[in-house]
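Only one structure is covered here, and it is reproduced in the block below.
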Amino acid sequence: MAPRVQFYHNTPDRLALTRELVANAHQRGRRIAIRCADAAQLKRLDQSLWTAEPLSFIPHVAIDSALAAETPVVLAAAGDDAHWPHTDLLFNLADDLPANYETFRMLIEIVGQDDAEKHAARQRWAAYRQCGYELKAFDAERRVAL
């Protein structure tokens, strides 16, 4: 089955939106992979997931952790994500297509307001469309479907 793909465009704070959407998905029992652009972004997201809300901790580990297969949320930087332990929901914060994206049930693309991010997102949108995937777009700032 082909993955469904959702793009959240015009995101003022990509990590804050990711944290919010991941929290919602985690509450619904989803198994989540988060692909960050680089190690620095991964570190910021990791810290954000630890400190967001004291009573809403989201269990997460790095992809190379011995506990990755047992943990609901797994983090990786682009280039380190070839072997996800689960394939339910993938959040992509990087500017390129994730490896093995076609194995996931759903892909969430978080796109900021920077012109370079928008351009890269248009290329990913075209690639997903070419594969025939169901695409949906949302304006993250206004919280509306496009």
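The values are calculated or read from the model by the stated rules, or taken from the named source; none is laboratory data. Since this is a predicted model, take the numbers as computed values, not measurements. Cβ coordinates were reconstructed from backbone atoms using ideal geometry, including for glycine residues, and neighbour counts include every protein chain displayed.
Need at least 1 residues that are without any contact (Cβ under 8 Å) to a residue 60 or more places away in the chain per element, so show me which strands (runs of 3 or more DSSP E) inside segment 1-87 make the cut, counting only ones lying wholly within it.
Numbers: elements: 4-9, 32-36, 60-62, 73-77.
Of the strands (runs of 3 or more DSSP E) lying wholly inside segment 1-87, those with at least 1 residues that are without any contact (Cβ under 8 Å) to a residue 60 or more places away in the chain span 32-36, 60-62, 73-77.
Do you know which of the residues in segment 91-105 that are assigned to a loop (DSSP other than H, G, I, E, B) and of a type in the set (A, V, I, L, M, F, W, C) is farthest from residue 72 (Cα to Cα)?
97
Do we have residue 111 as without any contact (Cβ under 8 Å) to a residue 24 or more places away in the chain, surrounded by 16 or more Cβ atoms within 10 Å (Cβ to Cβ) and touching a helix residue (DSSP H, G or I) at 6+ places or on another chain (Cβ under 9 Å) here?
For residue 111, the condition - without any contact (Cβ under 8 Å) to a residue 24 or more places away in the chain, surrounded by 16 or more Cβ atoms within 10 Å (Cβ to Cβ) and touching a helix residue (DSSP H, G or I) at 6+ places or on another chain (Cβ under 9 Å) - is not met.
Would you check which residues across segment 93-140 are under 18 Å from residue 17 (Cβ atoms) and of a type in the set (Val, Ile, Thr) and list them?
Passing the criteria: 108, 110, 111.
Can you list residue pairs whose Cβ atoms sit under 6 Å apart, with the first residue in segment 120-146 being of a type in the set (Phe, Trp, Tyr) and the second being at pLDDT below 95 and surrounded by fewer than 13 Cβ atoms within 10 Å (Cβ to Cβ)? Count only pairs 6 or more apart in sequence or on different chains.
133/2; 138/145
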